[in-house]
Each structure stands twice: as structure tokens, then as C-alpha cells.
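Chemist: Here you go, one structure.
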Ligand SMILES: [Zn+2]
Ligand SMILES: [Zn+2]
């Protein structure tokens, strides 16, 4: 399958991107566009796979039904921009390029790059186990990125865009401020580089993780059972994170893939049922504006959070 994806990317590069770059006088960007094409094709596969599984689940057992779904259309735009546009580019430029350069630099200086197999030699010859460990480590780091983004005022101002949606569906996973996306990609890419994820495994890793994250936003009453909900983040578990908070209740369920971090660090709440979502503290533009209006409202909230103000107002939502 990977070969087919690479050939599809090659076709897009040869027949669409290279002629376009020649026309625009930007042929020096050929290598970047080739990298983007590979990762964008992975993005398309991600969207199609997620759509084919989540849509039937949302039709089968929806949590909510809405007469007007314009706000969901904006989330679809987020998904396409993020998975086929920006994310592949950032993934290639930041992660792939940096890792190739870093490996070259280390080899030139006679050093070896740290990888999980070097730290734990017992893992050599067990690629599937190594892949699972990558997932566990990256998910652990993502738990903390997400949790900290709720605590720091300016970061919450950006992340609150993700929480503003009152019509949460599997499309809502990518509903993020572009600055928040860039921070997340840098965070993820840095940890992936430190643990030595091979560049060619990176897209497969992202494919698996992002599918599970989309599923956790789905508008469906699917349950994983008592044990299943403790092993894998379910739509019910993540909806509780997006749920509007009753007075005195703190935010919970920060995990993206594995609920174990919430259990260990005492932020898990399995008691909340399928609650309404949204952020009453945000502006209407953040909730129901179009893509550009939401991004702009996010910038305004971000700059307001950075402006000098009383300590209480600087705090995020914990
Ligand atoms: Zn959050
Ligand atoms: Zn979410």
C-alpha cells in the first residue's frame, strides 16, 4: 500500500506541482513540494479512512442532531487545511528535513543518533513493539502538552478555539488555531526526533494516532465498555473533556489515545455521560464564525491574554 501511495504522490508531483512551480518561477521549491505531495497523499488516505468509519457510527447512534450544521462545515475545512495542506508541509519541512539534516550532521561528526533500540537493546528485531512504544511515549508527551495548554493563559486563548464547537463531530479534531497547531507539531516533532522515530515511519504513526483522535470526537454514543474505556480514549471520554463545566467542576480527560495518563495523574473522569460541548467564555465568532473569523477571534483572544491584566484573568481553564 505504501508503494501505491508513493506512486500517487509521484504522479501529483510530476503532473501538477512541477509544471506549476515552473510557471511561477519557483522550481527551487521542487524538493519541498515532493515531500509535501507524499505527506498530503497520506492526509487524503487519513480523511477517507476516518470518514468511512466515523460517518456510519454518527448516523447509527448520534449523541445530538442539529437542524443547521453550518458550524460543522467549518470543521470540515479545518480538516482539509490541516491534514492535506499545512500538516503535511510542517511535517516534511520541520520533521523530515530536520531529521535528515540532523542524522547527516551526527554521522559527519562520528556520533550516533539516540534511538529507543540503542537505549534498550532488547528491542532490536521487534519493530512492532518499538512502534507501540513510540505511540506510548508520544501520547504521554501529548497529554502534558494538552494539559499545560489549559493552564497557561495565552495558550488556553489559542486552544479554546478547539473547545468552542457546540456541534462536536469527528471533523472537530482538527479545529485548532493555526498557532496552536504549529506548537503541537513542533512539540510532537521534537519528541519524535529525540526518540529516533525513522522519517518513513512518521507518516504511518501520524495516520494511526490521528484516526483515533478523530474517532474520539465523533458524535456517537459508542461505548468501549468498562475496561475498553480505560485502555483507549473513547468518544464518551473525550466528550467529557469538551463538556461545558458545571460550577466548581474542573476540566478532565486530557489524554488523546491512552486514558492511563489521566488515571495516573488524577485527571480522569469516567462518570460524565454524553454532555453538551462548547466554551461559554469564548466569543460567538470562535463558536460559529467561518474559518478566517475563528482564526482572527483566536488571535484577538491570544493578544488580550498577553496584555497586562490582573493575575486572575490570565489563568486558563484547569
Ligand atoms: Zn483541551
Ligand atoms: Zn478535542
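Readers should treat all values here as calculations from the given coordinates under stated rules, not as data from a laboratory. Fair warning: this is a prediction, and the values are worked out from it, not measured in the lab. Note that we place each Cβ from the backbone using ideal geometry, even for glycine, and neighbour counts take in every protein chain shown.
Chemist: Can you tell me the relative contact order of the chain? Whole percent, Cα pairs under 8 Å, sequence separation 6 or more.
Modeler: 22
Chemist: Something else: Does anyone have the angle between helix 127-149 and the longest principal axis of the chain? Alpha-carbon axes, 0 to 90°, nearest 10?
Modeler: 50
Chemist: Okay, next question. Between helix 70-80 and the chain, what is the angle of the helix's C-alpha long axis to the longest principal axis, kept within 0 to 90° and rounded to the nearest 10?
Modeler: 20
Chemist: Can you grab the distance from the C-alpha centre of region 183-202 to the C-alpha centre of region 230-280, Å, no decimals?
Modeler: Cα centroid to Cα centroid, the span is 26 Å.
Chemist: Moving to a separate point now. To the nearest 0.05, what FRET efficiency results for residue 265 and residue 11 with a Förster distance of 51 Å applied to their C-beta separation?
Modeler: 0.65
Chemist: Between rounded, prolate and oblate, where does region 177-318 land on the alpha carbon gyration tensor, with a ≥ b ≥ c its root eigenvalues, rounded for a/c under 1.5, else prolate if a/b exceeds b/c?
Modeler: It is oblate, given that a/c is not under 1.5 and a/b is not larger than b/c.
Chemist: Counting pairs of alpha carbon atoms under 8 Å apart in space and at least six apart in sequence, what relative contact order in percent does region 133-249 give?
Modeler: Answer for region 133-249 is 25 percent.
Chemist: Another question about this same structure. Kindly state, to the nearest 0.05, the FRET efficiency for residue 97 paired with residue 231, given R0 = 30 Å and r defined as their beta-carbon distance.
Modeler: 0.25
Chemist: While we're here: Calculate for the chain the 222 nm mean residue ellipticity that helices alone would give, adding -39,500 (n - 2.57) per DSSP H run of length 4 or more and normalising by residue count, nearest 500 deg cm²/dmol.
Modeler: It comes out at -18500 deg cm²/dmol, rounded to the nearest 500.
Chemist: Relative to the longest principal axis of the chain, what angle (0 to 90°, nearest 10) does the C-alpha long axis of helix 2-12 take?
Modeler: 80
Chemist: Given springs between every Cα pair under 10 Å in a Gaussian network model of the chain, which of 235, 67, 199 has the largest fluctuation?
Modeler: 67
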